[in-house]
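Peer 1: A single structure is presented below for examination.
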Amino acid sequence: MADDLILLNLWSSPFGMRVRIALAEKGLDYELIEEDLSNKSPLLLKMNPVRKQIAVLINKGRPICESLIIVQYIDEVWRHKSPLLPSDPCARAKARFWADYVDKNIYAIGKLVWGATGEIQEAAKKELIECFKVLEGELGDKPYFGGDSFGIVDVALIPFYSWFYAMETCGNFSIVAECPKLVSWAKRCMERESVSKSLPDQYKMYCFLLELKTKFQAQ
Amino acid sequence: MGEVKLLGTWPSPFSYRVIWALKLKGIPYEYIEQDLSNKSPLLLQSNPVHKKIPVLIHGGNPIAESVIILQYIEDKWPQNPLLPSDPYEKAVARFWVKFADEKGLSIWKVLRFSGEEQEKGLKESLEMLEVIEEHAPGLGQKKFFGGDKIGMVDLALGQLAHWMGAIEEVTGVQIMEAGKFPRLETWMKNFKEDPVIKENLPEFKDMLAVVKHRRETLLASK
């Protein structure tokens, strides 16, 4: 492989999707290895002994872990094409802040929206919409969170769009009704090949998450 | 370049991370102590999303979240670097900063709770220490996680070197048994003896009083 890149991934993981999007934005070739988290490969355990989790990018035999750290690494090594972080330190800090905001909130809350029931689910739906509204406020009238160019905050958030159908169906609510700007933004991102090729079909994701939900409830 | 202000609270280890970074790079700043029970308009304006400290305000621009502030300071003032220049080494350092930031919170569970919840916090804290002892690169070979000089990983883990002791004393729970984590113990000693850090640590007995009061208040409210 020209760039000597291997990605240990899970098709359904929003974190894996972030890395795939970044790699595609930079036009990089890589080997994609699908992991089975119920039977973790020796390679995964060797490359990420601390967290034992995907996504892991292996570049020239050396592992980089944690999706946003991987995205920053890719951006720094292949900086000349499609920069994902601005060069100004203040703008970079702002981008990191919002990527961190996504990281601290969307996965955990989203999981409860499709995965929980009753009061817990209702509370999660409310919290999710609140977070989305805060993000809409930050987006403003810009095409992307990165401004005119697609950036790290967009990369951090867009994978969760693949959860929208599942969240709306399980939660019995409409995200576009509450957050139309965010959905427009998501559709704009989906027009990019890097994104459309990295996100799974929403219905396929819904079926998968429904299976997981049944497993959680059985436990 | 614009003046630098730091909104913090004493003796928050998150405030101290930023103080250490500023001091290590020789950046003058104005420290403004915040009262979190009565948040100032400046704090609310500067960090409307989280309403928390620390916040760095540089030339009127606010930056929130201690690790993001450290990265900003590193980007803006490259002298005495806190991160390696090589992208791979930098990614490894960032991984450990994130680990320290997330898992380090476990020690505060030992302070905030009693009974089962406290035991859970203790278990998580021990797991964290074991992972660092076993896997953190450079530990045991170099003086600091950053190598011969203090780096961002050292700053992120700083609370283990000083605050953890206060938690242990106040709760009577020993998180880090002597002799069990030799490499970490050596690191803690090196960290606290660094001249910049040494000069910028809260007085232990004063901190102890605050930590003790915090625990009493939290347990009383349950």
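Peer 1: Within 10 Å of each Cβ in A:69-80, how many Cβ atoms from other chains are there, averaged over the peptide?
Peer 2: Numbers: counts 8, 3, 0, 5, 6, 2, 1, 5, 3, 1, 1, 0.
Across A:69-80, the average partner-chain Cβ count within 10 Å equals 3.
Peer 1: With a/c under 1.5 counting as rounded, go ahead and sort the stretch B:181-222 into rounded, prolate or oblate using the C-alpha gyration tensor (a ≥ b ≥ c being the square roots of the eigenvalues; past the cut-off, prolate if a/b is larger than b/c, else oblate). Kindly include the intermediate steps, with their values, before the conclusion.
Peer 2: Details: a/c = 4.87, a/b = 1.93, b/c = 2.52.
Oblate, since a/c reaches 1.5 and b/c is not below a/b.
Peer 1: Then there is this: Once phi is turned into θ = phi - 60°, what whole-Hz ³J(HN,Hα) does the Karplus curve with 6.51, -1.76 and 1.60 give for every residue of the stretch B:181-190, x standing for Gly and Pro?
Peer 2: Per-residue couplings from phi come out as 10, x, 5, 5, 4, 5, 4, 4, 5, 4 Hz.
Peer 1: Using label points projected 7 Å from each Cα along Cα→Cβ, tell me how many nm separate A:Asp148 and B:Tyr88, to one decimal.
Peer 2: Distance between the two pseudo-spin positions: 3.7 nm.
Peer 1: Tell me, what is the percent relative contact order of the stretch B:83-206, built from C-alpha pairs under 8 Å that lie six or more residues apart? Walk me through the numbers on the way to the answer.
Peer 2: Numbers: 119 pairs, mean separation 32.2, N = 124.
Reported as a whole number, the value is 26 percent.
Peer 1: If you don't mind, there's one more thing I want to ask. Spin-label point model (7 Å from Cα, Cβ direction): what's the A:Lys81 to B:Val131 distance in nm?
Peer 2: 3.4
Peer 1: Let me ask something else. Over the stretch B:108-171, what is the relative contact order in percent, taking alpha-carbon pairs closer than 8 angstrom and at least six residues apart? Don't skip to the answer; put the middle values down first.
Peer 2: On the way: 37 pairs, mean separation 16.4, N = 64.
Once normalised by length, the contact order is 26 percent.
Peer 1: According to a simple spin-label model (label point 7 Å from Cα along Cα-to-Cβ), what is the distance in nm between A:Asp4 and B:Asp206?
Peer 2: 5.2
Peer 1: Turning to a different aspect of this structure: I'd like to compare B:148-161, B:126-139: which one has the highest average count of other Cβ atoms within 10 Å, and what's the full order after that? If you can, show how the numbers build up before the last one.
Peer 2: Values: B:148-161: 22.8, B:126-139: 17.0.
In descending order of packing, they fall as B:148-161, B:126-139.
Peer 1: Next up: Evaluate E = 1/(1 + (r/R0)^6) for A:Asn39 and B:Glu119, where r is the Cβ-Cβ distance and R0 equals 35 Å; express this FRET efficiency to the nearest 0.05. Kindly include the intermediate steps, with their values, before the conclusion.
Peer 2: Working: r = 31 Å, r/R0 = 0.90.
The pair A:Asn39/B:Glu119 has a calculated efficiency of 0.65.
Peer 1: Oh, and also: Within a Cβ distance under 14 Å of B:Ser37, other residues only, what is the Lys/Arg minus Asp/Glu net charge? Let's see the in-between values first.
Peer 2: On the way: positive: B:Lys39, B:Lys51, B:Lys52, B:Arg214; negative: B:Glu33, B:Asp35.
Local net charge: +2.
Peer 1: Which whole-number percent is the relative contact order of chain B (Cα, under 8 Å, 6+ apart)? Display every interim value, and only then the final one.
Peer 2: Values: 280 pairs, mean separation 43.6, N = 222.
Contact order relative to length: 20 percent.
Peer 1: Classify chain B from the C-alpha gyration tensor, please: rounded if a/c falls under 1.5, else prolate or oblate depending on whether a/b exceeds b/c.
Peer 2: Details: a/c = 1.78, a/b = 1.09, b/c = 1.63.
Taking the square roots of the gyration eigenvalues as a ≥ b ≥ c, chain B is oblate.
Peer 1: Could you order the peptides B:111-123, A:46-58 from most to least packed, using the average number of other C-beta atoms within 10 Å per residue? Could you put the intermediate results ahead of the total?
Peer 2: Details: B:111-123: 15.4, A:46-58: 19.1.
Order by mean packing, descending: A:46-58, B:111-123.
Peer 1: For the stretch A:69-136, just say rounded, prolate or oblate: build the C-alpha gyration tensor, square-root its eigenvalues into a ≥ b ≥ c, call rounded for a/c under 1.5, and beyond that prolate if a/b exceeds b/c, oblate if not. Don't skip to the end; give the middle numbers.
Peer 2: Numbers: a/c = 4.22, a/b = 2.46, b/c = 1.71.
Cα axes put the stretch A:69-136 in the prolate bin.
Every number here is computed from the coordinates shown, using simple stated rules; none is lab data. Being a predicted model, the structure only gives us computed values, none of them experimental. When we count neighbours, we look across all protein chains shown, and the Cβ atoms used for this are built from the backbone with ideal geometry, even at glycine.
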